[in-house]
Amino acid sequence: APEPVEPPPRARRQRAAILVRNEPESILAALVLARDRRTIVSFRVAPQEALMDFFKGPATDIADNVDVLVVGFSAQPRPKDVIDTAELFRGRLQWFDHHDWAIEDVERLRNALGRDSILIAENAASPLAAVTQVTERRSRFTDKLIDLSARRLSESDMQKWGYRVISLIQRLAATPGEHRPEIISVLAGKPTD
């Protein structure tokens, strides 16, 4: 019998829009993802209950040549509705999470979006474990962000920029909405600016 044909790997577009859940650990993971992708057209923070509002509103205004990256969200409150709506973005939506999912919801989402579009880090404290599975560009600063998430950053780095990044993340978590202008210095690797 012929071997099963693997689907081609998911195409990665140059530009991306990120929707991140308003949890500090999810925001830090999204910042690492944004540093990897570089050309970010939108960096939106929202609570879990606003996921469907995003898919039905701002997501429809994102150009077809832009990837949509969802970080830290589960398919709640109604998994079937969320997954059916997410399927409209098949081929350009990639989902990163660490929350507990019902196995049938994960399978339904994989069928809707494609297996390589879903990265769920089981038993992890943040979606960073899922994000680091696909990041291609690693810089010294990105490695330091990962160290910050694990609380392994030196005190001098904490004084230089670590506390500023933590403060930024807390502000973003407290105020849902579009925050691309606030993360420009992190994208550039100059968080002291």
Between the alpha-carbon centers of region 24-81 and region 153-193, tell me the distance in whole angstrom.
-> 19
Once you put a point 7 Å from the Cα of A124 and another 7 Å from the Cα of R13, both along the Cβ direction, what distance in nm separates them?
-> 2.3
Residues with beta-carbon under 13 Å from that of R152, excluding R152: net charge, scoring Lys, Arg +1 and Asp, Glu -1?
-> -2
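Taking 0.36 nm per residue of sequence separation and subtracting the Cα-Cα distance, how much length would be gained by fully extending the chain between R151 and D100, in nm to one decimal?
16.0 nm
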Given the peptides 20-30, 147-157, arrange them by the average over their residues of other C-beta atoms within 10 Å, most packed first.
-> 20-30, 147-157
222 nm [θ] for the chain, helices only, -39500 (n - 2.57) per DSSP H run of 4+, per residue, to 500?
-> -10500 deg cm²/dmol
Accessible heavy-atom area order of W95, W161, highest first, probe of 1.4 Å = W161, W95
Express as a percent, rounded to the nearest 5, the fraction of DSSP beta bridges in the chain (both residues included) that run antiparallel.
-> 10
How much area per residue is accessible in the chain when the probe is 1.4 Å and only protein heavy atoms are counted (Å²)?
-> 51
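Assuming R0 = 30 Å, can you tell me the calculated FRET efficiency for the pair R38 and T60, based on Cβ-Cβ distance, to the nearest 0.05? Spell out each step's value before the answer.
Details: r = 24 Å, r/R0 = 0.81.
The value I calculate is 0.80.
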Under 24 Å Cα-Cα from K144, which lysines qualify once same-chain neighbours fewer than 8 residues away are excluded?
-> K160, K190
Answer label for Kirkwood radius over Cα pairs in Å (calculated), chosen among [x] 17.1; [y] 18.2; [z] 19.5 = [x]
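The values are calculated or read from the model by the stated rules, or taken from the named source; none is laboratory data. Bear in mind the structure is a predicted one, so any value in this text is a computation, not a measurement. Because the Cβ atoms are built from the backbone with ideal geometry, glycine has one as well, and the counts that use them run over all protein chains shown. All accessible areas refer to the heavy atoms of the entire protein, side chains included, with ligands and DNA or RNA removed. Shrake-Rupley method; radii C 1.70, N 1.55, O 1.52, S 1.80 Å.
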